[in-house]
Each structure stands twice: as structure tokens, then as C-alpha cells.
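Read the structure below first, then the notes.
Read the figures in this text as sums done on the coordinates, not as results from a lab. As the structure is a prediction and not an experimental result, all values here were calculated from the model. Positions of Cβ are backbone-derived with ideal geometry, glycine not excepted, and every protein chain shown enters the neighbour counts.
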Amino acid sequence: MTPPLADPTRPAGAPPERSAPAPAPAVPGTRKLTLVAVLLAVFVVPTSISGTAVALPDIGVSTGADPGSAALQWVVNAFNLSFACFTLVWGSLADLVGRIRAFALGAAVFALASVACAVAPNVYVLDGARALAGLGGAAIFACGSAILSSAFDGPARAKAFALFGTVAGVGVALGPTVSGPAVDTLGWRWIFGLQAVVLAAVLACVPVIARGVREPVHRSGRLDVRGAAVFVLAMAALTYAIVQGSAWGWASPATLGLLLAALVLFAAFRALAGRTEAPLLDLSVVRDRRFLAYTLVPVAASFGFVTQLTYLPSYLSTVAGYSASAAGTTMLLLTLPVLALPMAGAKLVERGTSALAVVLASLLCLVVGDLSLLLLGPDTSLAVLAPAMLVTGAGMGLSAGLVDGRALAMVEPAKAGMAAGFLNTLRLGSEAIAVAVFGSVLASLVASDGADAASYDSAFHALLWAMAGVCLLLGLLIVGLARGGGAAREAR
């Protein structure tokens, strides 16, 4: 682990901030329980995101909401918006009150919100409960990764974060698979009830974990409420503009106004952070080029992988003529590497391969995979399609979990929650941006070119070029940051 960094925002001559010693690893008997509890909670969050979409038709029928209504779509959007807005807040709060306490509070909020979803009398109550669940989900992700950073060290930490990435990928991939049968056999309310049951089991483990995991000394001070309020408003404006941009039009006054408001609020947040003794986001953390390089890797994955996970099934159905079940089965080619490769990436690092080299290999796979998908067409055989999808999935799988562990290893232990919050804010925020922009541009290109299968094919190929280009540019930026900050030496 690198030594604590000097804080360039602290005035010269001022007494240094009380540093925290590195936390001791968990008591041996609690390590497995800690890992299982965190991974169970982490599994629920992406499952809730991807699986809830499957239930929307049944929710609409049950609550009387129109299939295309905004109220019904906000069952998904409210969770994402709340998650994106509060991840950094939870990370900073966890450093003050303790990661385990904040994690438990988030899991309890999510569980209670899931119960509220299960008994919601109408879609509007359901929307509010989903926003509350997103608040809890933000705590689970931000605090869960920080707990693993405290509980494990060395090769054990690498394996723990590899499992973290694997389970998150499994949740995204299996969300529809798990939720679909639950909706068909038990009804849509039970998908939320099952989430509450799993999180209740997680909460039952918390007392044992709290006795066995020794956290670092917490930073002194209080939560930066002013900074938190400005940041939440900025993220809300940005995320809401992205969610509604395709419906309102990206050049509409409402969209542009929200984007401008977000820009002004982010500028105000940065100014406040530089003048606050204990800011929501310590700028010294973000100024570490090595840390920033690793946090940008999930952004590349959002553009190179998550967009394909979202829109490739529609292409297979619209252009290639696949049935819904055939398209869903084929998508396993994209998700299987996400399940298998995080542990492989961790083992490569354990055996002496540079962590940066593994990350660069994952970025290369994203670029090559997106370009290989250009071979897609109405009559493309599975033999041609499979390698392209597997390589794209490898771009996500190799670095999943690895970047979390390496990034958190570069900050002071007392700031790990803040760092995890920042990393996951970038992760989910970039996913929302990538998916929304891809979908909006795709719809615009298809509409302008005849709105048939041929126009969809042409538009999808144009966007593949764009996504590969974005991944390449981000890869070059990551290399520049890593070399400039000495990450190549650290990774070895």
C-alpha cells in the first residue's frame, strides 16, 4: 500500500490531519462470514436493477399504470437516480461513523424499502419506495467495498475483490433470469420480498462482523452537509437530464437547462471542497493520478460493454430475426466472461503480472470486441458472433473487482469509504450516461433513415465505431495518468 499522500488543499503550516493506521485484517473466523455477507448484499443491488425491468409489464397491469407511462418507467429510474446521487455521500459518511455501521444502515433501508415495494398500493408509492431502495443500495456498494478493504490484505484482498466483481456481474446477468420465473410463479411483489429476505440474512451477520473486523480510526469532524446537498443536487440534475433527454430532446430548453445547472453545481461543489476542513470529497484523493486512472476503467466498461448488454438483444431480435428466448440465450456469450474472468485476473496479479497490464488487456478487449461486433449482420452465423461477444465480455470481466481493490489500496485507510463512493459514483453515472446517449442517438439515426431493420443495422454499426473510439480514448487517458503518476511502478 502506498504511504498517505500530503493534502495540497491544506494551508501551509496548518497542523496535519490526524492520520489513521492501517486496519488489522479481520479475525480469521469472521473473514468468510464478512465476505459472504457483503457479497450477498452486493448481489441484491444489480439484481434489483436488471431484474425489475422484467416485472414492469405485470406491475403496470396490477397498478393500472400505462405501459409507456413515465410513472411506470420510474420504477427503474428512481432507483438509479437515488443510487447515483448518494453513493459518494455514503462513502464519506462511512469514514466518519464506521463502514460496518453505515453498511448495516444501508442494508436495513434497502430491506424496508423492498417490503414497501412489495405492498405498494399504486405505482407512485412504488416509485418512492424504489428511490429509497436506491439510497440503501448506494450504501451497500460504497461501504461494502470499503469493508473488504479493511477486512483483507495481500492476496486475500485481491481474491475478495475479484469475487466482488464476479458477484456484481452475476447480479446484472442473472437479474432477469431470477426475476422472470419469480414474477410468473409468485407474482411481481415477491421479487421485492425476496430481496428483503436476503438482506435480513445479511443484517443477522452484522453483529459478528462488527466484533471481528477492526476498522481504521475514523476521521474527526462531521459530514459536510453543505457539500453533500450541492453534490446531490448536481447529480440529480445531471441524471434526470440524461434519463429524460431522449424524451425531451437533447437540445430542448429543459434538457440544456438541467445540464447547465449540473455544471454550475459541480463547479460550486469543487469550490466548496477546497475551502472545507473535512469535505465530502477530499480533492487530494482525486489528484492522485494512479487512483484516478483506475477509477476511469469502469467508465470505459460502461461505454464498451454495458451499452452492448443493453441494446444488443434488440439488434438480435430486430435485425437478425432472433426470438426473445434465443436472443437472451445468446447474450450468455457476453456475460459468461464476466462470471469467469475476475478470478483469473486476480490470479494473474498474484503470480506477478502487473495489475496495470491486466487492466490494459481488458481495455484492449473492449476496443477489439466492439470492432469485432461490426461483423454483425442479418445472416451472421453464431460462429462469427461468439468470438466477438466473448472478447467484449472479457473486457469487462478481466478488470471487474481488480480496479476496486487497486484503487482503494492507493488511499489512506481512513478515506477508503470516500474513495469507494467516488469510484462507484463514476461507475453508475457513466453507465447511465452511456446507455442514455447510445439509446437516444440510436433512435435518432433509425428514425432519420426509414425506421426499418436496415436502418437499425446501419445505426447500430455507426455507434459501435463510436463506442470503440470512446474506449480507445479512455484507454490512452488511463495509460497517460498511470505513467504520469507512477502506477506502472506501483503495479509491478
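Classified by the C-alpha gyration tensor, the range 129-277 has an oblate form. Its axis ratio a/c, with a ≥ b ≥ c, is 1.5 or above, and a/b does not exceed b/c. Per the Debye formula on identical point scatterers at the alpha carbon atoms of the range 234-317, with no solvent, log10 I(q)/I(0) at q = 0.23, 0.24 Å⁻¹ is -1.10, -1.10. Considering the chain at the alpha-carbon level, its Rg and Dmax are found to be 21.9, 70 Å. In the chain, taking the dipole from charged Cβ atoms about the Cα centre, the farthest positive-side position among Gly212, Tyr322, Ala432 is held by Gly212. Picking from Ser114, Asn77, Ala104, whose Cα lies most toward the positive end of the charge dipole for the range 62-200 (charges on Cβ: Lys, Arg +1; Asp, Glu -1)? Positive-most Cα among the choices belongs to Ala104.
Determine the dipole magnitude for the chain: charges of +1 sit on the beta-carbon of Lys and Arg, -1 on that of Asp and Glu, nothing else is charged, the reference point is the Cα centre, and the result goes in debye to the nearest 20.
Computed about the Cα centre, the dipole is about 1780 debye.
Only helices enter the 222 nm calculation for the chain: every DSSP H run of n ≥ 4 contributes -39,500 (n - 2.57), and dividing by all residues gives -26500 deg cm²/dmol, rounded to 500. With Cα atoms as the point set, the radius of gyration and Dmax of the range 368-446 evaluate to 17.5, 55 Å.
Sorted from longest to shortest, the spans of the Cα atoms of the range 400-475 along the three principal axes equal 56, 19, 17 Å.
The order of Lys415, Lys159, going from fewest to most other C-beta atoms within 10 Å of their C-beta, is Lys159, Lys415. With the convex hull drawn over the C-alpha atoms of the range 289-491, the volume per residue is 106 Å³. With respect to the chain, whose longest principal axis is taken over its alpha-carbon atoms, helix 332-350 is tilted by about 20°.
For the range 28-212, the calculated P(r), taken from all Cα-Cα distances in 5 Å bins from zero up to the bin holding the longest distance, is 1, 9, 17, 21, 20, 13, 9, 5, 3, 1, 0 percent. Straight Cα distances below 24 angstrom link Lys347 to the lysines Lys32, Lys159, with same-chain residues fewer than 8 positions distant left out. If R0 equals 45 Å, the separation of the Cβ atoms of Ala251 and Thr353 corresponds to a calculated FRET efficiency of about 0.45.
Using 0.36 nm per residue of separation minus the Cα-Cα distance, give me the extension gain between Thr329 and Asp452 in nm, one decimal. Numbers along the way, then the final one.
Working: separation 123, 0.36 × 123 = 44.28 nm, distance 2.44 nm.
Between Thr329 and Asp452, full extension yields an extra 41.8 nm.
If the chain linking Asp58 and Leu445 were pulled fully straight, counting 0.36 nm for each residue of separation and taking away their Cα-Cα distance, it would gain 136.2 nm. Protection proxy ranking, highest mean first, for peptides 126-133, 392-399: 392-399, 126-133, where packing is the per-residue count of other beta-carbon atoms within 10 Å, averaged.
Cβ-to-Cβ counts within 10 Å put Leu88, Leu316 in ascending order as Leu316, Leu88, the fewest first.
Angle of helix 99-118 to the longest C-alpha principal axis of the chain, folded into 0 to 90 degrees and rounded to 10: 30°. When both the range 167-205 and the range 289-360 are represented by their alpha-carbon centers, they are found 22 Å apart. For the range 224-279, taking Cα atoms only, Rg and Dmax work out to 12.8, 42 Å respectively.
Considering only Ala151, Ser381, Val446, and ranking their Cα positions along the charge dipole of the chain that arises from unit charges at the beta-carbon of Lys, Arg, Asp and Glu, the one farthest toward the positive end is Ala151. Among Met343, Met235, Met410, a tally of other beta-carbon atoms within 10 Å of each Cβ gives an order, fewest to most, of Met343, Met410, Met235.
For the range 265-333, the list of trypsin sites (Lys or Arg not before Pro) that fall in a loop by DSSP and count at most 14 other C-beta atoms within 10 angstrom reads Arg287.
Computed from Cα positions, the angle between helix 355-372 and the longest principal axis of the chain comes to roughly 10 degrees.
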